[in-house]
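Read the structure below first, then the notes.
Each reported figure results from applying straightforward, stated rules to the coordinates on display, with no laboratory input. As the structure is a computational prediction, the values presented were derived from the model and not from experiment. Every residue, glycine as well, gets a Cβ built from its backbone with ideal geometry; the counts of neighbours run over all protein chains shown.
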Amino acid sequence: MTKKAIILFSGGLDSTTCLAIAKSQGYQCYALSFSYGQKHSSELQAAKRITKNGEVLLHRVIDLDLGSFGGSALTDDSIEVPTEDTVGIPVTYVPARNTVFLSVALAWAEVLEADAIFAGVNAVDYSGYPDCRPEYIQAFQKMADLATKAGIEGRGVKIETPLIDLTKVEIIQLGNELGVDYSQTVSCYQADDQGAACGECDSCKIRSAAFTKAGVEDPTVYKNE
């Protein structure tokens, strides 16, 4: 029987790699993105472009205004995106974002009778977000098995996090082997309307360093180029 997977899809480097992995494993792919009140829409526009060319059966974009709560540099105009290293959990953390996104994906998975939900969380080269850790994914999996009709009937959806133990260098190398076109992705926390990256935020620094270490040409377009 055909396997179905929902891909939490931001249009960034990690989620695009996850899509390629799911496809390589023979899944029919359904992409799920969120307009959640983020300050820029460049990443979301990238998601729409990539899914048009990415052989997904359906791409859904859910409006969910987490920005009305504020509390994150990604959604709150009163909080600037930092360009220097920070201590502890950075202000770019969006409160409970992965929990909300996975929960919506879980609901859609029940309707589709999907076998898996792919999420591009990473616990190695990441910014210290609490909802990117293996312990969190394990806890969500247990909750999903307990809280859904499919889970109670023994056919619950599997939360797949194929990048969780990989470095950013390893992720890029894997994606490169799978033919991912990273020039289409946007990872910057404060990209402009054309998707050009700032080159200064935490996400840009991690991405740029990883391409260099991976020996792969960085296709990112920066604002000052």
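List the GluC sites (Glu not before Pro) within region 57-146 that DSSP assigns to loop and that have no more than 16 neighbouring Cβ atoms inside 10 Å.
Answer by residue number: Glu80, Glu84, Glu113.
Provide Asp115, Asp193 in ascending order of the number of other Cβ atoms located within 10 Å of each residue's Cβ, fewest first.
Asp193, Asp115
Got a sec? How would Phe211, Phe118, Phe69, Phe9 order by Cβ neighbour count within 10 Å, fewest to most? Please list the in-between numbers first.
Numbers: Phe211 19, Phe118 27, Phe69 13, Phe9 31.
Fewest-to-most ranking of Phe211, Phe118, Phe69, Phe9: Phe69, Phe211, Phe118, Phe9.
What is the Cα centroid distance between region 1-80 and region 124-155, reported in whole angstrom?
If you average the Cα positions of each part, the centres end up 18 Å apart.
Take Lys168, Lys158, Lys149, Lys23 and order them by how many other Cβ atoms sit within 10 Å, fewest up front. Working shown, then result.
Details: Lys168 22, Lys158 14, Lys149 9, Lys23 18.
By the 10 Å Cβ count, ascending, the order reads Lys149, Lys158, Lys23, Lys168.
Cα to Cα, under 23 Å, and not fewer than 8 places away if on the same chain: which lysines meet these conditions relative to Lys213?
Straight-distance partners of Lys213: Lys168, Lys205, Lys223.
Grab the DSSP H runs of the chain that are 4 residues or longer, score each as -39,500 (n - 2.57), total them, divide by all residues and round the 222 nm result to the nearest 500 deg cm²/dmol.
-11000 deg cm²/dmol
Straight distance only, please: which aspartates and glutamates reach the Cα of Lys23 with their own Cα at less than 14 Å, same-chain residues fewer than 8 apart left out?
Glu55, Asp115, Glu160, Glu177
In percent, how large is the relative contact order of region 3-180, given Cα pairs closer than 8 Å and 6 or more residues apart?
25 percent
Return, for the Cα atoms of region 104-152, the radius of gyration and Dmax in Å, separated by a comma.
Considering region 104-152 through its Cα atoms, Rg and Dmax are 12.3, 35 Å.
Quote the charge dipole size of the chain about the Cα centre in Debye, to the nearest 20; the model charges only the Cβ of Lys and Arg (+1) and of Asp and Glu (-1).
700 debye
If a helix is a whole DSSP H run, which ones in the chain reach 24 Å or further along their own axis (Cα) and hold a mean Kyte-Doolittle hydropathy of at least -1.0?
Helices meeting the criterion: none.
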